[in-house]
Amino acid sequence: MSRETAIESFKKFQHTWVEQLQHHLNHLRSVQNHHRNSATGDEERLREAVERVMELCREYHRAKLATTEKDVVGLMAAPWSSALERSLHWVGDWRPTTLFHLVYTESSILFESRIVDILRGFRTGDLSDLSPSQFRLYTKP
C-alpha cells in the first residue's frame with residue numbers, strides 16, 4: 001500500500017469516525033439526562049452507551065496504529081487538520097523535522113549502548129550485522 005493510500009484511507013476513516021462519535025456522544029447525553037431525571041435510572045443503558053463510545057475510541061486508536069505502521073511521517077503531518085490546527089502545531093513547537101530529531105537522538109542512544117557488543121563482534125540482529133558490501137546491496141534501489 002502506498003503512502004498516499006494509507007493516509008487517504010485514514011482521512012476517510014477519520015471523517016466517518018468523527019460523525020459516528022458525534023452520534024454516540026449525543027446518544028450518551030440523552031441516556032445520561034434520562035438517567036438523571038428518572039426515579040429508577042437505567043444503569044445498564046448508561047453503561048452500554050459509555051461502552052459504545054469507548055469501543056469507538058479503541059477503534060480509532062487501532063486504525064491510527066495501523067496507519068502509523070505504514071506511514072508515521074504522513075500521519076504526524078495530519079493533512080486532514082484545518083489550517084488553524086496545523087498552525088497551532090507550529091506555534092506549539094511541533095514541526096515535521098522534530099520527528100527526524102527524535103529518531104536521530106534515539107538511534108544515537110541505541111548505538112552508543114550497543115557499540116561495545118558490536119566491536120566485540122556479537123550479533124545484534126539488526127542492520128549493524130551487515131558487512132559494508134551487504135549493506136550496499138540492501139540499500140541499492
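The values are calculated or read from the model by the stated rules, or taken from the named source; none is laboratory data. Computed from a predicted structure; not experimentally measured. No Cβ is skipped: glycine too gets one built from the backbone with ideal geometry, and neighbour counts run over all protein chains shown.
Structure notes:
- Applying a threshold of 9 Å to beta carbon distances and a minimum spacing of six or more residues, or different chains, the list of pairs starting in the range 77-90 at a residue that is closer than 14 Å to Gln14 by Cβ and ending at one that is in a loop (DSSP other than H, G, I, E, B) and not charged (D, E, K, R) reads Glu85/Ala78.
- Selection status of Ser131, surrounded by fewer than 10 Cβ atoms within 10 Å (Cβ to Cβ), modelled with pLDDT of 75 or more and not aliphatic (A, V, I, L, M): yes
- Yes/no for Lys64 being under 26 Å from Val103 (Cβ atoms) and either of a type in the set (D, E, K, R) or not in a helix (DSSP H, G or I) (or both): yes
- Residue match in the range 65-76 (condition: out of contact with any strand residue (DSSP E or B) (no Cβ under 8 Å at 6 or more places or on another chain), in contact (Cβ under 8 Å) with a residue 24 or more places away in the chain and hydroxyl-bearing (Ser, Thr, Tyr)): yes
- Subset of the range 68-88 that is within 13 Å of Ala6 (Cβ to Cβ) and of a type in the set (Gly, Ala, Ser) - its residue that is surrounded by the fewest Cβ atoms within 10 Å (Cβ to Cβ): Ala77
- Of Arg36, Arg52, all but one fail to be outside the structural domain of Leu102 (by TED's automatic domain parsing), surrounded by 14 or more Cβ atoms within 10 Å (Cβ to Cβ) and among the basic types (Lys, Arg); the exception is Arg52.
- Residue in the range 103-110 that is under 23 Å from Val72 (Cα atoms), exposed (fewer than 10 other Cβ atoms within 10 Å of the Cβ) and modelled with pLDDT of 70 or more present: no
- Within the range 20-36, residues that are assigned to a helix (DSSP H, G or I) sit with their Cβ atoms under 6 Å from residues that are of a type in the set (Val, Ile, Thr), at 6+ positions apart or across chains, in these pairs: His24/Val53; Leu28/Val53.
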